[in-house]
Every structure is written in C-alpha cells, then in structure tokens.
Amino acid sequence: MDTTNQRKIILRQGKLVVFTRAASPFFQCRIKLPAKPYVYKSLNTVDEAEARQLAEDLYAEAKFKAESGMSIRRRTFRNVATEYLAHLRSQVDGNVITLKKLNDQRKVIDRYLIPYFGSKMIDTITDPDIYRWQEWRDTYWTTGPGAGTTFIDYERRNQRTGEMETVRTTQSKPSLPSTSTKRTEASYLRAVFEQARRWGYVSSQNIPIIKSERLKSQRRPHFDIRDYRRLTRISVVRIRKAPGERVRHDRQLLHDWILIMANSGMRPTEAKNLRWKDVTYTQTEGDGHVVQLLVSGKGKRRELIAMPSTRIYLERLRDRNQPTDPEQFVFSDTDGNRIDSFKKGFDALCKDAGVMFDRYGDKRAPYSLRHTYATFALVYGRVSVYTLAVNMGTSVHMIEKHYGHLKPLQAHRELTARYKI
C-alpha cells in the first residue's frame, strides 16, 4: 500500500491523533478516552490547522460526554429508533407491555419518523427540525410521500395460528391527521428521545421541544333516544329480510352485540375479549338479578354492572352458539372464533337506518354505543358522575369533560318547573 502521502499528527500524548489515508487527502481523527473504545471521525478538510482545531473540538466534546455519563459514539436517529423498537420487543417478551403497544409505535416510527429523521445524528436534531417534520407529516397523505398510495401493509397476529402475518388494506381517503393522531405521534417521538437520554446518546439540554396541539374537548358522537330506537328497529327488519341463513345469523349477532354494548358501556376491545367465564348473574330480592361482567382491555381488568336486560341478550347468544367451554369468547362466529370487529356490519346498518351521523354532523362508530350508554345513564338514569365513572372504568374528569354538556338535560325538571315572577 502506498503511504507516501499519508500524514500523522499525534496530540494529547496520543489520546488524539489527526491523520490522512493514502486514498483520501481529507484529514480524519482518532479519539481515545480512558475505558472507552476508539472513536474515528472524518474532519472533511485538507487544511492542517483547521483539522487540528476541529479535532480538538471533537475531543473536548467527547471528553465532556464521557464525564457526563453519555456515550461518546454518536448515533443516528435511525440507529436509536431501531434500538428503541428492539427494547420494546424485549418488554413485550417480558409481559411488561402489550404487543399492540409495540405495533402501534412501530407503525409510526417506521412510516413517519425514520424516513424523515433517519440519517440525522440524534443529538443534532433541533426545534426547527421538529417544526419542519410536523409540516411534512401534516401533508404526508395529501401532497407528500403517501399521496397516491392505494394499499397499506401492516402486521397482525393470526387468531387461529398465533403467528404474525402481513395484511393489506385499502388506504382511506387522503386527509390531514387529527389532533388526537398528532398528539399520539408526538408522544412516540418524545419516547424515542427520552430513551436516547437514558442510554446516554443525547443530553437533556439537547432534546428538542416537541409540542402537541391542545386537544379540544368534543362531544362524543352517540345515539339520541330517537335514533337509537330507529337503529334497533331497522336491525330487526334487516334480520327478517336476510337473504340466507348465514347472513341472518350475522345480523342477529350484530343486533345482540349492539344491545349488549349500549346496555353495558363496554369498550369494543373489552367486548372482544369477553369470555363466558367472565359473565356472572347474581340474584337479588324478588325476581331481580345483577349482571356482572369481568372485562379486560387497555392492559387492565375490571368489573362492571350491566343493565338487567343485558342478561336476555347474552342468554340469546348462548342459546344460539351453545358454548361448551367457559373459555370461549362471547362474541364468536359459528366456528367459535373470536370476532375482532363489528365495524363493517355496524356501518352498513347505520347507513340503512339513516343514522350514520349525529345532529352535529359527526360520524357514528361502534364506540358511539359506549357514549350512548353514558348519555342515557346521566340523562334518564340520573346516575351520579362518580358511580358512572367507576362502572365505565374511567375518571370523573373524563366524564365531566365529555358529557358536561348534558347537565341542562339532567336538570330539566328543575329548569322547567313553573314558578311565579
């Protein structure tokens, strides 16, 4: 190898070496600190004086990081994000977090964070970089990289085999991300930086400000009593007019699911996980009974009390499915497989019933049945906010935040009482 043009300058008793290689005229440096591995860095200059100064600056920075307990090897955002996902995977394996939490973060990191920040050194990302990323993210699906995308591939666990599989879904109409979506994605970006801080890849002072838009309090789309009655009435008509036995079975299952959801306040995830062993009936004085459901979702288990009529709908399900194992899911198909979502059938029913949107123009979704339960309990049942919050597995603050507009309806008797003026 030709070493004629190679140069080597030893500084700080060999702890810092500035040199060139035969293949390039640009200076490089090598840094060695106690109990630390060698660090090599290109200085991108052919001027010796400038190279010396740049090397001294890098040495001072590396020494400061080492003394502060930080890594002296710089990491790109891609390196840190990949390591962070591996860290989450280990937490899934240790039952610390759920697989869903890992998958939710992976989707955002792989699609929106690594493609934008990937090659940047994580300790050089600044506030303006975050602002630019937020602008880029806002237009991702409209005029950005995702514009014109027809299909999206994602991974999910096959309920029958337990193996991970890739599923392709049709991309919905391009739109701007909601405030809630942007807040969630910003929290994932903060999580990457926070983990990088714990690992010593970036100091607290170098973490950029990642602001989230204020989430406006919104009315939760629910069914008023008129639309709810219409929904259930049209559901019965659709069952009667079903073109075949399989369709009739599916529509009857959807009908009972709607009635159970609206009378229990369960989250869709909790209903999905409900097994027959989780259903208990307790007799009360006389002919009364209490329907107790042990539900699980969002990483927690809790007990709720459903309306007494829920027993009728549950027993109707049991009679049709004839479960032989208490571990079997309540909402399952004819083969006993759990049904993960009723959204498609629910949307079709809402469309046929003409109740797809509430009076504010907001689209109703399966979650609207939970909000319907809360609304009816507050307005017609006159349940206290505290009791309702406990039964729904949420906080008093959230009940007041999202259902505070119902207070005039709750007090309608007092507000409309006749008095002299």
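The values are calculated or read from the model by the stated rules, or taken from the named source; none is laboratory data. Owing to the predicted nature of the structure, the values given are computational and were not obtained by experimental measurement. Every residue, glycine among them, receives a Cβ derived from its backbone with ideal geometry; neighbour counts consider all protein chains shown.
Scanning region 302-317 for residues that are surrounded by fewer than 16 Cβ atoms within 10 Å (Cβ to Cβ) and touching a helix residue (DSSP H, G or I) at 6+ places or on another chain (Cβ under 7 Å) yields a single hit, 309. For region 354-375, a residue qualifies if it is surrounded by fewer than 21 Cβ atoms within 10 Å (Cβ to Cβ), farther than 18 Å from residue 341 by Cβ and in contact with a Lys or Arg (Cβ under 9 Å, 6 or more places away or on another chain), and the qualifying residues are 354, 355, 357, 358, 360, 362.
Return the residues of region 120-151 that are surrounded by 15 or more Cβ atoms within 10 Å (Cβ to Cβ), part of a helix (DSSP H, G or I) and of a type in the set (Phe, Trp, Tyr); say none if nothing qualifies. Within region 120-151, 133 is the sole residue that qualifies. Within region 11-41, the residues that satisfy the criterion of being out of contact with any Lys or Arg (no Cβ under 6 Å at 6 or more places or on another chain), surrounded by 11 or more Cβ atoms within 10 Å (Cβ to Cβ) and among the polar types (S, T, N, Q) are 24, 28. Which members of region 100-126 meet the condition of being under 13 Å from the mean Cα position of the chain (by Cα) and either in the same structural domain as residue 273 (by TED's automatic domain parsing) or modelled with pLDDT of 90 or more (or both)? If the condition is that a residue be under 13 Å from the mean Cα position of the chain (by Cα) and either in the same structural domain as residue 273 (by TED's automatic domain parsing) or modelled with pLDDT of 90 or more (or both), then 101, 102, 103, 104, 105, 106, 107, 108, 109 are the ones that fit.
Among the residues making up region 22-52, those that are closer than 18 Å to residue 62 by Cβ and of a type in the set (A, V, I, L, M) are 31, 33, 35, 39, 43, 51. Looking at this structure, is residue 383 aliphatic (A, V, I, L, M) and touching a residue at least 40 places away in the same chain (Cβ under 8 Å)? The answer is no for residue 383. Restricting region 200-210 to residues that are at pLDDT 85 or above and surrounded by 15 or more Cβ atoms within 10 Å (Cβ to Cβ) leaves a set whose member that is nearest to residue 220 (Cα to Cα) is 210.
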